[in-house]
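Scroll down for the structure; my scribbles are underneath it.
The values are calculated or read from the model by the stated rules, or taken from the named source; none is laboratory data. None of the values given here were measured: they were computed from a predicted structure. So basically every Cβ, Gly included, is an ideal-geometry build from the backbone, and we count neighbours across all protein chains shown. Note: accessible area is taken over every heavy atom of the protein model, side chains too, but ligands, DNA and RNA are not part of it. Shrake-Rupley method; radii C 1.70, N 1.55, O 1.52, S 1.80 Å.
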Amino acid sequence: MLLPIAAFVIYTSFGLSDFECEVCMAFEGQQTCRTVTGKTEVEGLRTGVDNACAILASGVTDTMRCQRTQPQKATCKRL
């Protein structure tokens with residue numbers, strides 16, 4: 001039972017990311033930057049925003065407000 005799950009985790013952790021993105025967010029007087037990877041540039045940017053907002057915001061309402069904020073910096077490069 002655990003073997004298929006372990007195989008899936010290992011498979012998904014190798015070579016599935018085509019883009020690396022750095023996203024910097026400011027919210028409620030705080031700022032953070034996150035570097036993430038994604039299969040597409042859009043996925044990488046979305047993941048970066050989500051990760052940064054998880055640190056900056058607390059609660060569902062603030063997290064949603066943060067995610068709608070324009071990033072201070074958002075750059076991606078192909079791996």
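Numerical summary
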read-out: Cβ pairs under 6 Å, 6+ apart, first in region 64-78 and among the β-branched types (Val, Ile, Thr), second in a strand (DSSP E or B); value: 69/27; 75/22
read-out: Given (1) under 15 Å from residue 20 (Cα atoms); (2) out of contact with any Gly (no Cβ under 6 Å at 6 or more places or on another chain); (3) open to solvent by 50 Å² or more (accessible area, probe 1.4 Å); (4) at pLDDT 95 or above, number of the condition residue 39 does not satisfy; value: (4)
read-out: Unique residue being modelled with pLDDT under 95 and either in contact with a strand residue (DSSP E or B) (Cβ under 9 Å, 6 or more places away or on another chain) or surrounded by 15 or more Cβ atoms within 10 Å (Cβ to Cβ) (or both) when the list is 62, 18; value: 18
